[in-house]
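See structure below.
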Amino acid sequence: HNLGFVHIPKCAGCSVAHYLHKIGRWHPIDNNMKTYAAEPFKAFKSYKLFTVVRHPVTWLCSGYKFFKQRRNYNLTFEEHVDRIMDVYEPDISSQDFDWYWHCKLSPAGHIGRFQMTICKLEEIDKLRYHLLKWFPKALDYEIPIDNATEVEYININPKTMNKIKMLFKNYAQRFEYEF
């Protein structure tokens, strides 16, 4: 169908990929050596793209919990936000690139200048209706919850929240999120 899913880290990408395989034939276009999620679609300019984004605070917390729970990350949440504020951008071959990919490069950064349909994770069922145009079985299945981190409450102090608002102001405006 010339339809492409841009899998943005910590935005239900594994869940959506699982769902796509249930509703029809789906072949990922991907490679591991890329600097942002939409990059593989440079070669597929005629594709209609779609993706899922999420609120910047829950996205940030999800990346933090992912690294803390699965990568033995030992920073506090405040230190994590400070690390994101650092201008350091690792080379794609660097060991730090996995962290950069999941935690620092925001969903807006993964999209770049590509035009695509945006679905908010908070309204994920709208994606099923969008895909109904191409997949008659789109409403036959729910989008599963895959790859979720363990529930962990993160207390965000006012100073750190101000840093988050500064970091993600443009992202929040672009996708109509409020802090």
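The values are calculated or read from the model by the stated rules, or taken from the named source; none is laboratory data. Worth saying up front: this structure is predicted, and the values here are computed from it rather than measured. Glycine gets a Cβ as well: all are built from the backbone with ideal geometry, and neighbour counts include every protein chain shown. The accessibility values were calculated without ligands, DNA or RNA, using every heavy atom of the protein model including side chains. Shrake-Rupley method; radii C 1.70, N 1.55, O 1.52, S 1.80 Å.
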Residues of region 80-101 being within 18 Å of the chain's Cα centre (by Cα) and open to solvent by less than 30 Å² (accessible area, probe 1.4 Å), in sequence order, are 80, 81, 84, 97, 99, 100
Going through region 1-32 in order, the residues found to be farther than 26 Å from residue 93 by Cβ and part of a helix (DSSP H, G or I) are 15, 16, 18, 19, 20, 21, 22, 23
Could we say that residue 66 is open to solvent by less than 20 Å² (accessible area, probe 1.4 Å), more than 24 Å from residue 133 (Cβ to Cβ), over 18 Å from the mean Cα position of the chain (by Cα) and in contact (Cβ under 8 Å) with a residue 40 or more places away in the chain here?
no
Here the qualifying pairs (Cβ atoms under 7 Å; residues six or more apart or on different chains; first in region 8-22 and in contact (Cβ under 8 Å) with a residue 24 or more places away in the chain and more than 15 Å from residue 125 (Cβ to Cβ); second in a helix (DSSP H, G or I) and of a type in the set (S, T, N, Q)) come out as 10/62
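Which ones in region 102-137 are basic (Lys, Arg), in contact with an Asp or Glu (Cβ under 9 Å, 6 or more places away or on another chain) and open to solvent by 30 Å² or more (accessible area, probe 1.4 Å)?
104, 120
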Flagged in region 5-41 as under 15 Å from residue 141 (Cβ atoms) and touching a Pro at 6+ places or on another chain (Cβ under 6 Å), in numbering order, are 15, 18
Across (1) assigned to a helix (DSSP H, G or I); (2) open to solvent by 30 Å² or more (accessible area, probe 1.4 Å), residue 140 clears everything bar (1)
Only one of (1) farther than 14 Å from residue 37 by Cα; (2) in a loop (DSSP other than H, G, I, E, B); (3) aliphatic (A, V, I, L, M) does not apply to residue 84, and that is (2)
Within region 1-54, restricting to residues that are of a type in the set (Lys, Arg) and within 19 Å of the chain's Cα centre (by Cα), the one that is most open to solvent (accessible area, probe 1.4 Å) is 48
